[in-house]
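Have a look at the structure below before the remarks.
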Amino acid sequence: MRAKNYCLIFSAILLFFLAFIQSAFAAEKLTLQQSIDLALKQSVLIQSAREGVRGAEAQKQEAFTNFLPKFSTSYSYTRQNEQPTTTMTLPSLPSSRPFTMPIGTQDNYTWAIEVKQPLFAGGGIVANYHANRIGAEIAATDESTVAQDIVQEVKIAYFNVLKSERLHSVAVQSVEQLEAHRKMAQDFFDVGVIPRNDLLRAEVELANGRQNLVKAENSVEMAKSKFNTVLRREINTPTTLEDMLTLKPFTQSLHECLKRALENRSEIKSYTMKVEQSQKMVDLTKSEYFPTINAVGHYERFGDTPGVSGSLYKDQEYWYVMGVASWNFWEWGRTKNRVDASRSRENQTAYALQNIKDQVTLEVKNSWLTLHEAEKQLAVTQKAIEQAEENYRISRERYHEQVGTSTDVLDAQTLLTRAKSDYFNALSDYNISMARLERAMGAREVSP
């Protein structure tokens, strides 16, 4: 019994701590900046882009090694079918018979080491290194592009959660108002002031309001699930966000936004470097028009045993240094065709750069116009809320005094709910449009 009591006490304490930890975690509010930092830390796309940067850096280092001398070594064994011999006669004895004597060994072991230093390659080594260096810079810029996309995605998911929560509060308030109206209608029906049809209309509208509340609750859960997915958290993680769904003034002109975008957009920087890289690739292919010159140092040891310690017929070691120039001066236009192909790729990249500039310009303008449209819509919807609230108040008072109908109250309540929903939708659209415009301008930071 004592052991059983201990187990129960331990289980109760464990459940208490688990509930405490869960409630503390659920109560923690995430700011937008914290959400962005967490998403950038957890994103597999960022990790993939960083692997691309590491790969490009490795290729750059590989290209640099072409400037350095190359060392190679070899060890070989050759066994001939018979020992090399020669037949000769003694000149002092013309009548003597020819005799055979060995001039080599049947077993031959050779070990060699060679160093080769390029001296001239028509500029190909330099062009190849610069092309790979630019490739590393492009990979780093592409990582920045991925980060900017993730930041925009986090902002949109963040504001969608806040919007769904605001719309949920509107749905809750709508149900409360409909319940109050149904109660008033029930009281009037009980004393015979209104017909049953008015009471049924109030009950039907209340049922619709409760259904809309269920939809709003589902929208909140779906928005939070999307937010957790963007941050790569467990999909059911409790989510509480700092409310930033406000109207933040934006005063930059369209011209200023376009200028900032053309200066900061990582895609433009990336394609600009790709044009430069393609120019280096043209230089690389043009280097095949020229000869290559290398300095070669060679050291070799020979022997008739694996220890390469020499033999009776050949010295143990020898070495030489030489300069080698080679030139493929005729290949039926192969190099020219390769140069023409490289120039075509350079032109394609230049056209792609112009296209991306046009796309960025269009994206900035559309985002700027959408932002100001949402800003104007906010002013309209805010005024509509004031009018709808006054209309609802008057309709309720008229109905309470029985100089208005139940339909008037329900219509006024519907208008009020719609006005509030339109306002929060416009407010969310404004903040999301701000996030899209910041992304279009190449911004990564959170707006103050």
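Just so you know, all these numbers are worked out from the coordinates, no wet-lab data involved. All values derive from a computational prediction rather than experimental measurement. Cβ atoms come from the backbone with ideal geometry, glycine included; neighbour counts cover every protein chain shown.
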Mind listing the phi-derived Karplus ³J(HN,Hα) values for region 384-399, rounded to whole Hz, using 6.51, -1.76 and 1.60 with θ = phi - 60°, and x for any glycine or proline? 5, 5, 4, 5, 5, 5, 5, 4, 5, 4, 5, 5, 5, 5, 5, 5
So the angle from the long Cα axis of helix 124-190 to the longest Cα principal axis of the chain, reported in degrees to the nearest 10, equals 20 degrees
Quick query: amide H of residue 194 versus all other amide H atoms, modeled in the peptide plane; which residues come in under 5 Å with a sequence gap of 5 or more or a different chain? 189
To the nearest 10 degrees, the tilt of helix 2-27 (Cα long axis) against the first principal axis of the alpha carbons of the chain is 90 degrees
Positive end of the dipole of the chain, charges at C-beta (+1 Lys, Arg; -1 Asp, Glu), about the Cα centre: which of 172, 214, 73 has its Cα farthest in that direction? 73
Taking +1 at the Cβ of each Lys and Arg and -1 at the Cβ of each Asp and Glu, which of 316, 127, 139 sits farthest along the dipole of the chain towards its positive end, judged by Cα position relative to the Cα centre? 316
Mind telling me which of 144, 72, 326 comes out most flexible in a GNM of the chain, alpha-carbon contacts under 10 Å? 72
Relative to the compact-globule estimate 2.2 N^0.38 Å (N residues), the Cα gyration radius of region 153-235 stands at a ratio of 1.54
With θ set to phi - 60° and the Karplus curve 6.51 cos²θ - 1.76 cosθ + 1.60, what are the ³J(HN,Hα) couplings of region 337-345 in order, to the nearest whole Hz, using x for Gly and Pro? 5, 5, 5, 4, 5, 5, 5, 5, 5
GluC sites (Glu not before Pro) lying in DSSP loop within region 316-416, provided at most 15 other Cβ fall within 10 Å: 331, 401
What value does region 117-200 have for Rg/Rh, both radii from Cα atoms and Rh as Kirkwood defines it? 1.75
Expressed in angstrom and ordered largest first, the alpha-carbon extents of region 296-448 along the principal axes are 131, 44, 29
Tabulate in residue order the Karplus-calculated ³J(HN,Hα) for region 227-234, using 6.51 cos²θ - 1.76 cosθ + 1.60 with θ = phi - 60°, rounded to whole Hz; enter x for Gly and Pro. 4, 5, 5, 4, 7, 6, 9, 4
How large is the charge dipole for the chain, taken about the Cα centre, if only the Cβ atoms of Lys, Arg (+1) and Asp, Glu (-1) carry charge, to the nearest 20 debye? 780 debye
How far is helix 406-440 tilted off the main Cα axis of the chain, in degrees rounded to 10, range 0 to 90? 20 degrees
Counting as exposed only chymotrypsin sites (Phe, Trp or Tyr not before Pro) in DSSP loop states with no more than 15 other Cβ atoms inside 10 Å, the longest exposed-site-free span of the chain is 1-312
Long-range HN-HN contacts of residue 241 with modeled amide H, under 5 Å: 30
Pairs of Cα atoms farther than 18 Å apart, region 270-366, %: 69 percent
Please provide three numbers in whole Å: the alpha-carbon extents of region 362-434 along the principal axes, with the largest listed first. 57, 14, 14
Tell me, what are the semi-axes, in whole angstrom and largest first, of the equivalent ellipsoid of the chain as set by the roots of 5 times the Cα gyration tensor eigenvalues? 85, 33, 16
